[in-house]
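All remarks here apply to the structure that follows.
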Amino acid sequence: MSYHLIWHSQRHDTFLLLKAIPCNVTGVWRNELGSVLDIEALGSELRGRYQSAVETAPGVTGPEQQAKLLGVTSNRGLQTSVAFSVLWEAGSCSSWVGQCFQLPDGKRVLKTLWMLRSVASCLADNWKSTRMGEDTFVFIS
C-alpha cells in the first residue's frame, strides 16, 4: 500500500511530496531528556523497558529508574501509531501515545504525547497528580 502526502507552503509557494512508509518501532530510542525506550513489536503488541532520565521525586521510578513497558501498535494508517504504558516503583504510571515517522533520509522519529499520573496521598491532592507533555524519540539502534 502506498500513499502520497502533498504539503503546500503558502509562504514559499512550494510543494513537498512524501511517500508514507510503515515505520518499524522495534529497537532502542532516546528522547530529548535522555530517557531510553527499548521496545519490541510482536504483531500489534509492544513489550520492553523504559529507562527514565528524570524523576518527579528521588526514588519514585525505582532504584534503576526503569520499568517494564506494555503497549500496542498499528500500521493501518498512513504512519505507524503507538500507545504504551509503564508502572513505576512508587505506584505512579506513565502513558505515551503517538506516531512513528520514517523520514526520507531513512531516520526514524517517534512523536508522542505523555501523561504521568502520580499517587495522590488524599482526595484534596488529586488536582496536582496528573502531568502532561510531549516527547520526541529518535531511533538509536
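The values are calculated or read from the model by the stated rules, or taken from the named source; none is laboratory data. It should be emphasised that the depicted structure is a prediction, and the values quoted were computed from it without experimental measurement. Because the Cβ atoms are built from the backbone with ideal geometry, glycine has one as well, and the counts that use them run over all protein chains shown. In case anyone asks, the SASA skips ligands and DNA or RNA and just uses the protein heavy atoms, side chains included. Shrake-Rupley method; radii C 1.70, N 1.55, O 1.52, S 1.80 Å.
On the beta carbon distance between residue 32 and residue 124, with R0 = 30 Å, the FRET formula returns roughly 0.35. In a DSSP loop and with at most 14 other Cβ atoms within 10 Å, the trypsin sites (Lys or Arg not before Pro) in region 37-113 are 76, 107. Once mean projected area of the Cα convex hull in nm² is worked out from the coordinates, which option in (i) 9.5; (ii) 10.8; (iii) 8.3 does it equal? Step by step, mean projected area of the Cα convex hull in nm² for this structure corresponds to label (ii). Note on residue 40 and residue 111: the model spin-label points, each 7 Å out from Cα along the C-beta direction, lie 3.0 nm apart.
The solvent-accessible area of residue 88, taken with every protein chain present and a 1.4 Å probe, is close to 20 Å². Summary value for the chain: 19 percent relative contact order, contacts being C-alpha pairs under 8 angstrom separated by 6+ residues. Taking other residues whose beta carbon is less than 13 angstrom from the beta carbon of residue 139, and scoring Lys, Arg as +1 and Asp, Glu as -1, yields +2. Between residue 70 and residue 89, the simple label model (points 7 Å from Cα in the Cβ direction) yields a spacing of 2.1 nm. In this Cβ point-charge picture (+1 for Lys and Arg, -1 for Asp and Glu), the chain has a dipole of about 300 debye about its Cα centre.
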